[in-house]
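Heads up: the structure comes next, in structure tokens.
A short reminder: the numbers here are calculations on the coordinates, not readings from a lab. What you are looking at is a predicted structure, and each value in this text was computed from that prediction instead of being measured. Every residue, glycine as well, gets a Cβ built from its backbone with ideal geometry; the counts of neighbours run over all protein chains shown.
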Amino acid sequence: MNCIVIDDEPLAREKIRMLIEKDVTLQLLGSFDSPAKATGFLELNQVDLIFLDIRMHGISGLDFAREYQGEAMVIFTSAHAGYALESYDVRAVDFLVKPVHPLRFTQAIQKALEYADLKRQDKRTLPEKQDYFFVRADRRLHRVPYEDCLYIEGIKDYCALHLHDRKIMTALHLKTIQKYLPSDMFLRISKSVVVNIKHVKSLTHHDLHIGDMELSIGNAYREQVFANFVTHYMVGK
């Protein structure tokens, strides 16, 4: 399982890293000292499991878990056992008290593996994915084929869906729409823009072109966006 660590204490991050490296089922993709720094990474990478501290500067681990809308499972790590009950309100897989004992760590990973296996079984029973979605705009439901969608732009509490032949404004947050988009077709390049990879004509580290539009790549997304194209689509790397 691909995993990341979010903890504002360097020593705590290092201890979790050492436990992860001893487990052959885990692959550490990144380590972050705040949820804010991990957000862009989570949107651009396939992460299966998050080791998440609770008491951090800025947003707490509990608040981050409540707001997080991705697929990754969460295992909380905290020196404060009193948060254990509250952690399960946000569907945590497990709660590990610092300092984390290796045996408890192994038990938590086993629970995560079993939960991941259940999710895979559920997905196998789902019907084949459709190639379109519907959004509400102008008192109508509009059918939007994935193929026709060039890019989606978040504008405060609305989203502008830019299609080949029209633009649809809908009262949805960008994060909400992105949950329903195929991750192998759509890629977030900034806080406010998700693009259809199939329609990207060219790109640099700073921007990309779709049709006649030049779209800026956000600083927090730049490295991962470019790496995604190089890894999956570039010939003769």
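Observations on the model:
- Out-of-range pairs (alpha-carbon distance over 30 Å; input K15/K191; K98/K156; K167/K198; K37/K111; K15/K111; K37/K98): K15/K191; K98/K156
- Relative to the current alpha-carbon distance between H164 and T204, full extension at 0.36 nm per residue lengthens the span by 12.1 nm.
- Ranked from largest, the principal axis spans of the Cα set of the chain equal 58, 42, 36 Å.
- Separation of alpha-carbon centers, the range 1-42 and the range 148-182, rounded to whole Å: 32
- Cα shape, the range 2-124, gyration tensor, a/c 1.5 rule: rounded
- From its DSSP helices (H runs of at least four residues, each -39,500 (n - 2.57)), the chain gives a residue-normalised ellipticity at 222 nm of -9000 deg cm²/dmol.
- FRET efficiency, 1/(1 + (r/R0)^6) with R0 25 Å, evaluated for E147 and T176 via beta carbons: 0.75
- Two-decimal ratio, the range 19-71, of alpha-carbon radius of gyration to 2.2 N^0.38 Å: 1.16
- Amide H contacts of L150 (H built 1.01 Å from N, under 5 Å, at least 5 apart or other chain): H162, L163, H164
- Across the range 70-76, coupling constants 3J(HN,Hα) worked out from phi with the 6.51/-1.76/1.60 Karplus curve, θ = phi - 60°, read x, 9, 5, 6, 10, 10, 7 Hz, and Gly and Pro carry x.
- Peptides ranked, highest mean first, by Cβ atoms within 10 Å: ranges 71-82, 98-109: 71-82, 98-109
- Added length on full extension, which subtracts the Cα-Cα distance from 0.36 nm per residue, D117 to Y233: 38.8 nm
- Loop-located chymotrypsin sites (Phe, Trp or Tyr not before Pro) in the range 137-201 whose Cβ has at most 16 other Cβ within 10 Å (DSSP): Y180
- With both labels modelled 7 Å from their Cα along Cα-to-Cβ, the S216 to L29 distance reads 2.7 nm.
- For the range 132-232, the relative contact order comes to 18 percent (Cα pairs under 8 Å, sequence separation of at least 6).
- Between the beta carbons of A36 and L103, assuming R0 = 35 Å, the FRET efficiency works out to 0.60 to the nearest 0.05.
- The H on the amide N of Q27, modeled in the peptide plane, is under 5 Å from the matching H of N2, C3, each at least 5 residues off or on a different chain.
- Backbone phi angles across the range 186-191, fed through the Karplus curve with coefficients 6.51, -1.76 and 1.60 (θ = phi - 60°), yield HN-Hα couplings of 10, 9, 7, 10, 6, 4 Hz in residue order; Gly and Pro are listed as x.
- For G70, nonlocal amide neighbours, meaning residues 5 or more places apart or on other chains whose placed amide H falls under 5 Å from its own, do not occur.
- Once the Cβ-Cβ distance of E14 and K156 is raised to the sixth power relative to R0 = 35 Å, the FRET efficiency obtained is 0.30.
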